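Only one structure is covered here, and it is reproduced in the block below.
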Amino acid sequence: NYDGDTITFQIPNVHPLLGEHISVRVFGVDTPEKNGKKPCEKARARDAQRLVENLLKRAKIIELKNVGRDKYFRILAEVWADGNSVADILIKNKLAYPYFGDRKPTSMSWCLN
């Protein structure tokens, strides 16, 4: 996974024209950016990335639900690991905040948590 909210999947039976490795944006969350301006944001981004990586590596079943496109035409889906929402786990661990494509809060700071 690139970061906490962008994951590359190898999806079986997908036409080769679409590619073997498909980048999917996790629906419902925004996570800190690895290329953020502040060291604390970068650190939290690495924490989010590691959490998602560990969840998916240990999962017996990974599901993509309600697959669609976001406003930037990226593939967007709910990601579930062994019946648990990856978005919910990120939010619970304070490594993401709810985000549904609208404007991001200007007061949001990853350095306050």
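The values are calculated or read from the model by the stated rules, or taken from the named source; none is laboratory data. All of these numbers come straight from a predicted model, not from anything done at the bench. FYI the Cβ positions are ideal-geometry reconstructions off the backbone, even for glycines, and counts take in every protein chain you see. For accessibility, only protein heavy atoms count, side chains too; no ligands or nucleic acids. Shrake-Rupley method; radii C 1.70, N 1.55, O 1.52, S 1.80 Å.
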Count of the range 1-20 residues which are modelled with pLDDT of 85 or more and either open to solvent by 60 Å² or more (accessible area, probe 1.4 Å) or outside any strand (DSSP E or B) (or both): 4
Those residues of the range 51-78 which are open to solvent by 40 Å² or more (accessible area, probe 1.4 Å), in contact with a strand residue (DSSP E or B) (Cβ under 6 Å, 6 or more places away or on another chain) and not basic (Lys, Arg), in sequence order: Leu55, Ile62, Glu63, Leu64, Asn66, Val67, Ile75, Glu78
Selection within the range 83-99 - in a strand (DSSP E or B) and at pLDDT 95 or above: Asn84, Ser85
Cβ pairs under 6 Å, 6+ apart, first in the range 53-82 and touching a residue at least 12 places away in the same chain (Cβ under 8 Å) and assigned to a loop (DSSP other than H, G, I, E, B), second exposed (fewer than 12 other Cβ atoms within 10 Å of the Cβ) and aliphatic (A, V, I, L, M): Asp82/Ile61
Some residue of the range 41-50 being part of a strand (DSSP E or B), surrounded by 18 or more Cβ atoms within 10 Å (Cβ to Cβ) and not hydrophobic (A, V, I, L, M, F, W, C): no
Any chance Ala87 is open to solvent by less than 30 Å² (accessible area, probe 1.4 Å) and under 25 Å from Ser109 (Cβ atoms): yes
